[in-house]
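Heads up, the thing below is written out as structure tokens.
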Amino acid sequence: MIGNDIIDRQIPISKNWNTPRYLNKIYTSLEQQHISASVDPELMVQILWSLKEAAYKAHQRRFNLKRSYNPIQFNCQIITEENGSIGGEINIDDVIYFSHSKITPQFIHSSVISEEKLKTSAKIFQKSLTLKQDLIATLSSLYKKPQSSRFSIKKNKQFIPFLFLNGIKQDQVFSLSHHGNFSAFILPLTNS
Amino acid sequence: MTEKTILEKIKLIVTPYVQRKEGLKDFNDKTDFIADLKINSANLVDVILDVEDEFNIEIDNTSMEGMLTAGDAKRIIVTKLAN
């Protein structure tokens with residue numbers, strides 16, 4: 001399974017971000033230690049948030065879970081950290097996800113996968129109001145169906161988006177994310 | 001405090017974080033913080049902190065998990081105020 005999350009760094013983070021009350025509601029004590037030891041704690045707060053969001057999407061779709069606001073249950077660990085590229089692991093209920101994040105001055109984009117071998121393809125857009133159409137355009141070429149085929153994306157009652165082709169629900173896995181001026185999606189690459 | 005007053009206070013608390021203002025027009029128990037009001041999920045914690053301050057209660061992580069609509073928030077506040 002896969003999940004992704006994008007954060008527009010132009011949007012100010014919560015005014016409460018460096019208060020214990022805020023941190024204690026979202027981050028475990030280990031995560032808080034990592035935040036305070038970081039050279040840029042504010043950025044680390046956002047990176048860890050993006051891991052929790054991306055893992056939530058993967059975990060919810062994988063197990064078809066009810067919606068829940070439980071960020072603290074997603075335990076994140078940063079494993080590798082170098083020049084704008086961060087590798088991590090997220091644990092939730094004894095399930096592990098592997099993450100990769102790309103950090104630029106403009107955005108943070110995190111992808112998570114449930115198996116280390118899984119390859120994904122990510123697309124990031126700036127000022128795009130047509131994320132679903134962009135995703136459908138990519139999928140229609142993957143499916144080798146003309147764009148005129150009736151692809152659509154609908155959310156189920158748990159708010160998990162699914163792809164439909166001519167009204168028939170597809171097994172296609174994907175993950176969408178928007179924040180501010182940025183949007184992104186990822187797809188698994190099945191032939192790798 | 002009546003449930004109606006609580007709901008009105010919740011509306012005031014969430015307003016600064018709402019990105020879809022028309023969602024506030026018919027604010028009721030079913031109003032979904034993310035789907036209807038497009039509140040950023042990272043700001044839901046700010047909403048919860050403001051609710052704690054306004055009602056002088058503490059919202060534990062288990063209660064926070066289920067705070068997805070105005071009605072959920074109202075029920076949690078009513079329960080905490082009764083304790």
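The values are calculated or read from the model by the stated rules, or taken from the named source; none is laboratory data. Note that the structure is a prediction, hence the values are computed from the model and not measured. As a convention, Cβ positions derive from the backbone with ideal geometry for all residues, glycine included, and neighbour counts pool all protein chains shown. Just the protein is used for accessible areas: all its heavy atoms, side chains included, with ligands, DNA and RNA removed. Shrake-Rupley method; radii C 1.70, N 1.55, O 1.52, S 1.80 Å.
A:R62 meets the conditions (1) surrounded by 18 or more Cβ atoms within 10 Å (Cβ to Cβ); (2) under 23 Å from A:T190 (Cα atoms) in every case but one. The failed one is (1). For segment A:38-57, filtering for residues that are open to solvent by 10 Å² or more (accessible area, probe 1.4 Å) and either in contact (Cβ under 8 Å) with a residue 60 or more places away in the chain or of a type in the set (D, E, K, R) (or both) leaves 6. In segment A:106-113, is there at least one residue being surrounded by fewer than 23 Cβ atoms within 10 Å (Cβ to Cβ), more than 15 Å from the chain's Cα centre (by Cα) and at pLDDT 95 or above? The answer is yes; a qualifying residue exists.
Screening the candidates A:H100, A:H179 for the property of being open to solvent by 20 Å² or more (accessible area, probe 1.4 Å), within 14 Å of chain B (Cβ to nearest Cβ) and either out of contact with any strand residue (DSSP E or B) (no Cβ under 7 Å at 6 or more places or on another chain) or touching a residue at least 12 places away in the same chain (Cβ under 8 Å) (or both) yields one hit, A:H179. Of the residues making up segment A:103-133, those that are touching a residue at least 60 places away in the same chain (Cβ under 8 Å), closer than 25 Å to A:N181 by Cα and among the small types (G, A, S) are A:S110, A:S111, A:S121, A:A122. Any residue at all in segment B:17-31 that is of a type in the set (D, E) and in contact with a strand residue (DSSP E or B) (Cβ under 8 Å, 6 or more places away or on another chain)? The answer is yes; a qualifying residue exists.
Note on chain B: enclosed helices (runs of 4 or more DSSP H) holding 3 or more residues that are more than 14 Å from chain A (Cβ to nearest Cβ) and at pLDDT 95 or above are B:3-14, B:70-82. Within segment A:35-60, being more than 14 Å from chain B (Cβ to nearest Cβ) and either of a type in the set (S, T, N, Q) or in contact with a Pro (Cβ under 9 Å, 6 or more places away or on another chain) (or both) holds for A:I35, A:S36, A:S38.
Just so you know, in segment A:1-34 the residues that are buried (at least 20 other Cβ atoms within 10 Å of the Cβ) and β-branched (V, I, T) include one that is farthest from the other protein chains (Cβ to nearest Cβ), and it is A:I2.
Filter segment A:165-176 for residues that are within 23 Å of A:K119 (Cα to Cα) and open to solvent by 30 Å² or more (accessible area, probe 1.4 Å); which is nearest to the other protein chains (Cβ to nearest Cβ)? Top of the filtered list is A:V173. Within segment A:150-171, the set of residues being among the aliphatic types (A, V, I, L, M) and either part of a strand (DSSP E or B) or at pLDDT below 90 (or both) comprises A:I153, A:L163, A:L165, A:I168. Residue pairs whose Cβ atoms lie under 7 Å apart, sitting 6 or more positions apart in sequence or on different chains, and linking a residue in segment A:19-37 that is more than 24 Å from A:T80 (Cβ to Cβ) to a partner that is crowded, with 18+ Cβ neighbours inside 10 Å and hydroxyl-bearing (S, T, Y), are A:Y22/A:S14. When each of B:L44, B:L12 is tested for being of a type outside the set (S, T, Y) and open to solvent by 20 Å² or more (accessible area, probe 1.4 Å), the lone residue that passes is B:L12. Here A:S121 passes the criteria (1) of a type outside the set (K, R); (2) closer than 24 Å to A:K52 by Cβ; (3) open to solvent by less than 20 Å² (accessible area, probe 1.4 Å) except the one numbered (3).
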